[in-house]
Every structure is written in C-alpha cells, then in structure tokens.
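Asks: Shown below is the structure under consideration.
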Amino acid sequence: MAEPQAVTPSFVPEAEVAQEQGITVRSVTLGIATVIAVNLWVTYAETVVRSTRLNLSTFQLTLLAIFILLVAVVNPLLKLFRQQFALSSSELLVIVAIGIVGSVVPTSGITGFFISIISAPFYFDSPENQWDEFYHPYLNSWTVTTDREAMRAFYEGLPPGMEAPWGAWVIPLLWWASLITAVFVASACVMVILRKQWAEHEKLAYPLAEVPMEMSRDARSSRLFPEFMRGWLFWIAATAAFSLLFWKSLSWFSPAVPDIQSIPNGGIFRFTRYSPFVIVKPFQFFTMGFAYFANLQVLFSVWFFFLVHVVEGGIKNRLGYRIGWGTDSFGADPPTEAWQCHGALAFFVIWRLWVARHHLRDVVMKAIRPSYPSDDSQEMLSYRTCVLGLILSLSYAIFWLNRIGMDVTTVVMFMFATSIIYIGMARIASEAGVPYAQSTVSAQAFVMDMRGTDVLSRATMTGMLLSYSLIDYMRGLFTPSLAHVAKWGDTVRGNRRLLLLFVGLGVLAGLMTSVIATIHFGHLYGGYHFRWFGGNPKGVFSSTLGLMKSPRPPDTIRLLFYGIGAGLMGLLTFLRYRFSWWPFHPIGLALAAADNNAALVMPVFFTWVIKTILMRIGGVNLYRRAKPVFLGLLVGHTAGVVWCFILDAIWFPGHGHQVHEW
C-alpha cells in the first residue's frame with residue numbers, strides 16, 4: 001500500500017511574510033471589538049437568557065467562537081477580494097491576545113461577584129441578619145453602594161417612569177476599578193518577568209496557546225481555507241461533535257427525539273459509596289481539544305493524582321474522619337485534602353521561583369543597572385518597568401486593602417496566598433493545558449484559618465468580605481491569560497511593547513461593557529433573578545458573619561495538612577529530578593482535590609489514552625497528523641454550543657439549557 005503523502009501548504013512569498021505586522025489598526029480594533037462582543041454575549045447569556053455557562057475557562061468558548069469565525073469565514077471572504085486583504089497570523093494572534101484577557105471580566109470572572117458584593121449590604125440587610133450591626137459601621141460609601149432605592153431598582157427592576165440611578169454606582173465603581181487596574185499591572189509585570197524562564201529556559205508547552213497558533217498558521221496562504229480545515233479528518237470530527245449538540249437541541253422541541261443525557265454530563269459516579277465522585281463527561285470535547293497539546297506525563301499525572309484523591313478520600317470517609325467544613329463556599333471538599341493540595345501548590349510555586357532565582361537576579365540587576373548584560377529587548381515591558389510597576393501596583397493594593405479595613409498582618413498574609421494562587425494557576429494553565437483550573441483554598445480562608453478569626457477585628461473581617469469581589473473562583477484572574485499573551489508575544493511581529501498597552505485597553509473596554517450591561521439588565525429584568533446575585537453574595541455574607549459571631553483560634557489541623565501537602569510535593573519534585581524514569585509529574589497533586597477536577601479527569605484520561613497510543617504507533621508524525629481531529633472536536637463543540645445558545649435566546653429566554661460547563 002502506498003504511503004500517504006503529506007499535503008504541503010502553499011504559503012505567501014517570504015518577502016511578503018516578512019512585511020506582515022501583527023499590531024495594526026485593524027487587529028487592535030478587532031481585538032477590542034472582540035472583547036466588547038464577548039462581554040456583551042456572556043453577560044446576556046448568563047443574566048437574561050440563563051443559558052449555558054460561558055465564562056468558566058481560561059480560554060473562553062465565546063472567544064474561540066469569534067476566532068474560528070475570523071479564521072474560517074472572514075479571512076476566506078477577504079481572500080476572495082484579494083489575498084493581501086486577509087488577516088495575517090500575527091494579526092490573528094494579536095486579536096486573540098487582546099481577547100483572552102478581556103474575556104476574563106464578565107459574570108463569574110469579575111463583574112458578577114464584584115457588582116453583587118458592593119450592592120448587597122444595604123439591600124439584603126434586615127433586623128434578623130444583623131448586617132447593620134456587624135457590617136455597616138465598617139463600610140464606606142466609596143467601596144459599596146449605600147443608596148437603598150438605587151439597589152432596589154437594580155435587584156427588583158426599574159419601576160415605570162423612574163430614571164436609572166447610575167449616579168449611585170459611580171464612586172464605588174471608580175475606586176474598585178483602580179484596584180482592578182493595580183491587580184492587572186502587577187499580574188502583567190510578573191508574567192513578563194517569568195516569560196523567559198518559562199518559555200525559553202524551561203520550555204513549557206503552553207497547550208492553550210498552541211490552538212490559535214495552529215489555526216492561524218498559514219492565514220495568508222493562497223489556499224482559501226486554513227490548513228487544519230482541509231482534510232477529511234477535521235470535518236468528520238467537527239461534524240460528530242456538532243451533531244451531538246444539534247441532536248440534543250432537537251429534543252427540546254419534540255419528545256419524540258430522545259435526549260442525550262450525558263451532555264453536559266452524565267451525572268456522578270463513585271467507585272464506592274464512600275469515595276469522592278467523578279463527573280461523567282464522555283463528550284467534553286472542549287477539554288480534550290486543548291489537552292491534546294499537553295505533555296503526556298502531565299496528562300497522566302492529572303488523572304492519576306485524582307485517583308489518589310479518590311482513594312484517600314474514600315478511606316477517610318469510611319473511617320469517619322473529617323475536620324469540619326470549608327471556611328467559605330469556594331474551597332474544595334473535604335478540607336483535609338483541600339488544604340493538602342493548597343500546600344502542594346504553595347511548594348510548587350515557591351520551588352519554581354527558586355529554580356528561576358538566577359533569572360530573577362538578572363531581572364533585578366537589569367532594573368537597577370540598564371547596562372547589565374541581560375537582554376530584555378524582546379519582552380513586552382522592560383525589566384525596569386516591570387520591577388517598578390510591580391512595586392507600585394503591590395504598594396497601592398496593600399494600601400487599598402488596608403483602607404477598606406484589613407490590618408497590615410492580614411493584608412500581608414492575604415497577598416501571599418493570592419500570589420500563590422495567581423502564579424500557580426498561570427503555571428498550571430501554561431504547562432498542563434487544562435482549560436479549567438482552580439485552587440482548592442481561597443486566600444480569604446487561608447488567612448482566617450491560619451490567623452484565627454478570634455484575633456481579627458470586625459473591620460478586618462468586613463474587609464475580607466469585600467475582597468471576595470475578585471474571587472474569580474480562585475482561577476488566577478488575569479495571570480493565566482497574561483502568561484499566554486507573553487507567549488504569543490514571541491511570534492507577533494511589530495512593537496511588542498504596544499501589545500500589552502492594547503491588552504490593557506481591552507480589559508478596560510471589557511470592564512466598562514460588562515458593568516454597564518449588568519446594571520442595565522438588572523434595571524430591565526431584576527438582578528435578583530441573575531444566576532449569581534441571589535446566591536453567592538448572600539452566602540458569603542452569611543458565612544463571614546458566622547465567623548464574626550463565633551470566632552475561632554488558628555486551625556492547627558488544617559495547617560498540618562497544608563504541611564503534608566507541601567512535603568509530598570517536595571518529595572515528588574525530588575524524585576522527578578533525581579530519577580529520569582519517574583513517571584509522575586507533581587503538578588497533578590496541586591489539582592487533585594479541586595472542585596472542577598472531578599469534571600476534567602474523564603476527558604483528560606481519554607485524551608491521554610488516545611495520545612499515548614498515537615505516539616507509540618506512529619510517533620511524532622502520527623501525533624501531528626491527528627491534530628486536525630482534536631481541532632475538529634473543538635470547532636464542532638464550539639459551533640454546537642453557539643447553536644444551542646441561539647435557540648435558547650430565541651425560543652427559551654430566561655429558561656436556557658446547560659450544554660457546556662466545567
């Protein structure tokens with residue numbers, strides 16, 4: 001049988017490619033327009049339509065949908081007029097770089113928790129919950145909205161004839177925007193500082209970044225469609241993934257069409273009655289599409305350490321051992337393993353910083369002495385700007401948190417825990433390729449359990465409560481997406497230092513869009529009916545109040561499990577460095593007990609099995625030939641989710657269907 005011949009793509013002449021610029025007027029305009037579109041889309045989907053969750057991953061599905069539209073529809077149409085009119089690969093990466101950071105903002109990213117926290121204290125207070133006694137004396141008009149009628153208009157809808165009370169929101173929004181800006185600047189500086197260490201010295205895979213790079217690889221070739229779409233493998237995979245969601249959507253209109261119950265998940269499965277559960281997700285193609293580009297050892301560790309978590313949790317449950325419940329509603333359960341994983345994450349981050357110590361020394365020396373022989377000309381910011389920006393932004397954040405009530409010790413501990421989460425999630429996203437990753441313990445719970453709430457004043461506890469505005473499900477907020485922007489910056493032609501400026505403008509545009517849209521929809525439909533406004537805000541106010549009423553000392557048991565996790569991570573790290581044959585990547589331990597890991601483990605396992613077989617049979621060549629299959633699954637699943645959203649928006653507004661989640 002004749003060996004199949006590889007298709008050689010037809011590229012634009014090298015001289016023309018060399019002239020391509022990534023940062024152009026149209027790429028920046030399209031990038032910011034993409035951010036605005038994503039923020040409007042996600043806000044409308046989760047507040048008005050109440051359809052599927054669209055803002056849970058590092059690489060948002062809505063962003064991927066718009067990127068696919070540009071690559072597969074807009075660019076071919078531009079080529080029909082003239083080939084040079086098509087967007088170049090660099091321009092497409094600029095668009096997705098601006099988009100991936102700006103898409104962090106809406107609903108459960110920033111706006112949902114942020115708006116709900118600052119609007120709740122004077123709307124939900126009552127004589128029964130005693131918020132006026134425990135919270136109100138320590139709240140300032142520049143941190144929360146104090147106009148009760150304005151909040152009533154937001155939560156219950158604007159009464160006929162009443163003008164929208166936008167003025168009640170302005171001052172708190174501006175002050176919180178200043179903190180968000182400081183967080184963005186600090187995150188950007190850290191990711192630029194670590195880029196060379198991660199991308200060049202350690203050569204991380206950046207699987208999430210690989211997908212748009214593959215899709216845009218020959219954007220200006222003479223062929224109408226990009227290379228990954230030209231083969232039959234892509235179209236079979238895309239059609240199969242789309243068909244499942246299309247079939248499911250038909251069942252909404254006719255009982256004669258049987259529903260596919262395993263979308264978005266097939267329920268939970270327990271190996272024993274005492275074991276932690278795994279969520280059955282055989283058709284989570286979104287995770288599989290990205291995970292295919294990750295290292296096999298990393299994929300193996302993700303599902304293997306989850307099984308370790310299942311065994312450990314099962315034994316503890318069978319013995320009846322438990323140390324209570326989580327301090328807040330965001331931590332993983334049970335707390336023993338949550339703290340164990342958080343300790344592992346802390347060691348993981350500190351160890352990676354220790355490994356980077358020589359690079360970090362060079363960064364500091366370059367910041368002090370511009371003549372120091374360390375090249376930062378290819379970075380998005382100079383090292384001097386990074387160090388200065390990091391110092392100023394952290395100083396402002398510390399000052400800001402102190403002014404809302406936190407004492408200095410609490411602020412320092414809170415910043416430490418937040419830094420561990422931010423850097424850890426960025427590292428996991430850059431190395432493991434899982435689109436969903438979160439910490440197992442919040443920074444707030446870390447402080448309250450380590451210090452003990454018996455030494456925290458009411459003002460400090462109120463400040464801790466307000467800090468939940470940026471909880472972001474403990475996904476790292478801006479750092480995971482900024483890490484990928486720094487990676488794409490390596491391939492973008494043009495002034496890379498302008499890229500970060502436009503990314504920041506995209507975040508600002510996204511924040512303005514999502515805040516205005518959220519408040520506007522609240523005035524129209526009543527914010528209390530939004531997915532996250534009736535539950536989490538009241539829940540976190542209640543849990544914090546319980547700790548204020550019944551203070552407790554430092555939790556030494558949780559500290560013990562924190563230390564156990566750090567010790568285990570240290571042992572795994574030593575074994576991986578000492579023995580070349582050691583199969584376990586320690587990164588899996590930090591994720592083992594995370595809430596969303598139960599939903600990730602099945603698609604990650606399937607991807608690991610498939611990729612292992614492909615590598616054993618055909619090596620790297622077969623792995624490369626199979627890329628269109630997984631890109632097809634991504635494209636088909638994304639198209640199917642968009643199709644389902646359109647049906648929900650037209651026929652089921654307010655009663656949408658869940659077809660995509662963790």
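Asks: If I model a spin label at ALA164 and VAL73 as a point 7 Å from the Cα along the Cα→Cβ vector, what separation in nanometres do I get?
Replies: For ALA164 paired with VAL73, the spin-label model returns 2.8 nm.
Asks: Where does the charge balance sit around ILE368 when Lys and Arg score +1, Asp and Glu -1, over other residues with C-beta under 15 Å from its C-beta?
Replies: +2
Asks: Check ILE323: other-chain or 5+ apart residues with amide H under 5 Å from its amide H, H built from backbone geometry?
Replies: Sorted by chain and number, the residues that satisfy this are THR336.
Asks: Explain nothing, just compute: Karplus ³J(HN,Hα) = 6.51 cos²θ - 1.76 cosθ + 1.60, θ = phi - 60°, for every residue of the stretch 493-508 in order, whole Hz, x for Gly and Pro.
Replies: Running phi through 6.51 cos²θ - 1.76 cosθ + 1.60 with θ = phi - 60° gives 7, x, 6, 5, 6, 6, 4, 5, 4, 6, 4, x, 5, x, 4, 4 Hz.
Asks: Looking only at Cβ-Cβ distances, which cysteines of the chain have no other cysteine closer than 4.7 Å?
Replies: Isolated Cys, the chain: CYS341, CYS644.
Asks: May I pose another question? Around ARG273, what is the net charge, scoring Lys/Arg as +1 and Asp/Glu as -1 over all other residues with Cβ under 14 Å from its Cβ?
Replies: Around ARG273, the charge tally is +3.
Asks: Continuing with this model, one more query. Percent of accessible area on the stretch 224-279 owned by carbon and sulfur, 1.4 Å probe?
Replies: 71
Asks: Run the accessible area of the stretch 18-177 with a 1.4 Å probe and give the carbon-and-sulfur part as a rounded percent.
Replies: Roughly 62 percent, rounded to a whole number.
Asks: If we count GluC sites (Glu not before Pro) as exposed when they sit in a DSSP loop and have at most 11 other beta carbons within 10 Å, what is the longest stretch of the chain that avoids them all?
Replies: Longest stretch, sites excluded: 164-662.
Asks: Now, a different point. Might you tell me the accessible area per residue for the chain, computed with a 1.4 Å probe and given in Å²?
Replies: 39
Asks: Among (1) 184; (2) 227; (3) 196, only one was calculated for this model; which label is it, if the read-out is volume of the Cα convex hull per residue in Å³?
Replies: Given (1) 184; (2) 227; (3) 196, the structure-derived one carries the label (1).
Asks: Now for a separate question. What's the FRET efficiency of ARG384 with ARG318 using the Cβ-Cβ distance as r and R₀ = 51 Å, to the nearest 0.05?
Replies: Here the calculated transfer efficiency is 0.35.
Asks: Let me know the shape class of the stretch 523-662, please: from the alpha-carbon gyration tensor, a ≥ b ≥ c as square roots of the eigenvalues, rounded when a/c is under 1.5, otherwise prolate if a/b is greater than b/c, or oblate.
Replies: Taking the square roots of the gyration eigenvalues as a ≥ b ≥ c, the stretch 523-662 is oblate.
Asks: Next question, about the same structure. Can you work out ³J(HN,Hα) from phi for every residue in the stretch 185-190, in order, using Karplus 6.51 cos²θ - 1.76 cosθ + 1.60 and θ = phi - 60°, giving whole Hz and x for Gly and Pro?
Replies: 4, 4, 4, 5, 4, 5
Asks: Here's something else I'd like to know. On full extension of the chain, what length is gained from TRP354 through ALA256, given 0.36 nm per residue of separation minus the C-alpha to C-alpha distance?
Replies: 29.2 nm
Asks: Student exercise: in the chain, how many lysine pairs 8 or more apart or on different chains have Cα atoms under 19 Å apart?
Replies: Count of close lysine pairs: 7.
Asks: I'd like the Karplus ³J(HN,Hα) series for the stretch 452-466: coefficients 6.51, -1.76, 1.60, θ = phi - 60°, whole numbers in Hz, and an x wherever there's a Gly or Pro.
Replies: Couplings: x, 6, 6, 10, 9, 5, 5, 5, 5, 5, 5, x, 4, 4, 5 Hz.
Asks: In whole Å, what is the distance between the alpha-carbon centres of the stretch 266-333 and the stretch 187-227?
Replies: 30
Asks: In deg cm²/dmol and to the nearest 500, what is the mean residue ellipticity at 222 nm of the chain if only DSSP H runs of at least 4 residues count, each as -39500 (n - 2.57), divided by the residue total?
Replies: That comes out to -20000 deg cm²/dmol.
Asks: Please give the Cα centre distance for the stretch 110-175 versus the stretch 336-402, rounded to the nearest Å.
Replies: The stretch 110-175 and the stretch 336-402 have Cα centres spaced 37 Å from each other.
Asks: Taking amide H atoms as placed 1.01 Å from N in the peptide plane, list the residues 5 or more away in sequence, or in a different chain, whose amide H sits under 5 Å from that of ARG552.
Replies: The answer is THR453, ASP454.
Asks: Which cross-chain or sequence-distant (5 or more) residues have an amide H under 5 Å from the amide H of ASP125, H modelled 1.01 Å from N in plane?
Replies: Residues meeting the amide H criterion: none.
The values are calculated or read from the model by the stated rules, or taken from the named source; none is laboratory data. Quick caveat, the model's predicted, so the values are computed rather than measured. Virtual Cβ from ideal backbone geometry, glycine too; neighbours counted across all protein chains shown. Heavy atoms of the whole protein, side chains included, go into the accessibility calculation; ligands, DNA and RNA do not. Shrake-Rupley method; radii C 1.70, N 1.55, O 1.52, S 1.80 Å.
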